[in-house]
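Before any comments, here is the structure.
Values in this text are rule-based calculations from the coordinates and carry no lab data. Since the structure is predicted, the reported quantities are computational estimates derived from the model, not experimental observations. Counting neighbours? That spans all protein chains shown, and the Cβs are built from the backbone with ideal geometry, glycine included.
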Amino acid sequence: MPVELLRPEFDDQLRSLRDRVIAMGAFVEEMLHDAMRALVTRDVALARAVRKRDALANEFDDEIETAAVRLLALQHPMAGDLRVVASALKTVTDLERLGDYACDICKCVIALAEAPLFTPLEDIPRMGEVVEGMIHDALGTFVSRDIVEGKRIRDRDREVDALYKRVFAQLIEWMGREPAVVPQAVQLLLVARYLERLGDHTKNLIERVAYMETGSRWPWRSDEWKQAYPAEDAVDHEE
């Protein structure tokens with residue numbers, strides 16, 4: 001039989017679950033920050049240190065999943081409470097992928113350390129800045145549950161996509177012109193691709209918050225949203 005908790009105790013467990021999700025998010029945000037710093041400064045030791053942190057990110061994932069499943073099994077939450085627990089489960093999956101991509105960037109940093117870069121890094125560090133800011137602010141909406149702000153954060157991914165397309169075109173042009181740069185260009189293409197995917201997973205974080213608050217991952221597409229927030233009613237950006 002389920003062990004029913006009093007409402008204050010249950011609310012405490014929900015808050016604890018939320019706080020662990022936020023802590024995991026801050027941890028992987030720092031992983032990305034350090035991965036990008038390692039790329040820009042060509043710091044192989046830092047890149048290797050970031051990769052070692054992946055095990056801790058996985059521990060966060062396991063701990064939160066266990067707590068969420070326990071709440072589902074023992075308390076049978078309903079309606080909004082159920083959405084909070086379900087969103088936490090989905091969110092940590094995306095956060096775990098963010099940590100994986102930070103580690104993948106570090107692999108590229110290590111591979112790139114063998115020779116001077118053939119071109120200055122400009123758009124790729126900017127991609128990292130935008131994505132890191134998106135992650136930080138998306139975690140804030142997990143607490144505030146502000147889906148208007150969430151949509152604004154989500155829409156920043158357009159800049160990430162535009163930068164990715166520019167980096168891709170520039171590196172392809174370089175490889176066609178100078179075959180000797182191909183090994184490095186491939187690594188930089190991978191970094192840009194990982195950052196583009198980081199942006200996509202951060203959009204997922206916003207969608208989890210929207211589901212938690214409204215029951216829909218994409219409330220911005222509804223007629224009700226368009227009537228309530230006409231100034232925010234831009235064309236929805238979906239890959």
Sorted peptide list for 58-70, 149-161, 95-107, criterion being average Cβ within 10 angstrom, highest first: 95-107, 149-161, 58-70
Top of 73, 57, 38 by mean-square fluctuation, Gaussian network on the chain, Cα under 10 Å: 73
The helix 54-75 Cα axis meets the longest alpha-carbon principal axis of the chain at an angle in degrees, between 0 and 90 and rounded to 10, of 20 degrees
Each residue of the stretch 114-126 in order: what ³J(HN,Hα) in whole Hz does its phi give by Karplus 6.51 cos²θ - 1.76 cosθ + 1.60, θ = phi - 60°, with x for Gly and Pro? 6, 8, x, 5, 7, 8, x, 8, 10, 5, 5, x, 5
Between residue 110 and residue 19, what FRET efficiency follows from the Cβ-Cβ distance if R0 is 30 Å, with the result rounded to 0.05? 0.30
Options 49, 133, 85, ranked by Cα towards positive dipole end of the chain, top entry (Cβ charges): 49
Starting from the Cα of residue 118, step 7 Å along the direction of its Cβ; do the same at residue 146; then give the gap between the two resulting points in nm. 4.5 nm
Provide the gained length on full extension for the span residue 30 to residue 69, in nm with one decimal, where the gain is 0.36 nm per separating residue minus the Cα-Cα distance. 11.3 nm
Which of 111, 210, 31 sits closest to the plus end of the dipole of the stretch 7-232, meaning its Cα is farthest towards the positive end, when Lys and Arg get +1 and Asp and Glu get -1 on the C-beta? 111
Apply the Karplus curve 6.51 cos²θ - 1.76 cosθ + 1.60, θ = phi - 60°, to the phi angles in the stretch 184-201 and return the couplings in whole Hz, x for Gly and Pro. 5, 4, 4, 5, 5, 4, 5, 4, 4, 5, 4, 5, 4, 5, 4, x, 5, 5
Distance in nm between label sites at residue 129 and residue 193, each 7 Å beyond Cα in the beta-carbon direction? 2.6 nm
Based on the Cβ-Cβ distance from residue 62 to residue 178, what FRET efficiency comes out when R0 is 41 Å, to the nearest 0.05? 0.35
Point-to-point label distance, residue 81-residue 218, nm (Cα→Cβ direction, 7 Å offset): 3.2 nm
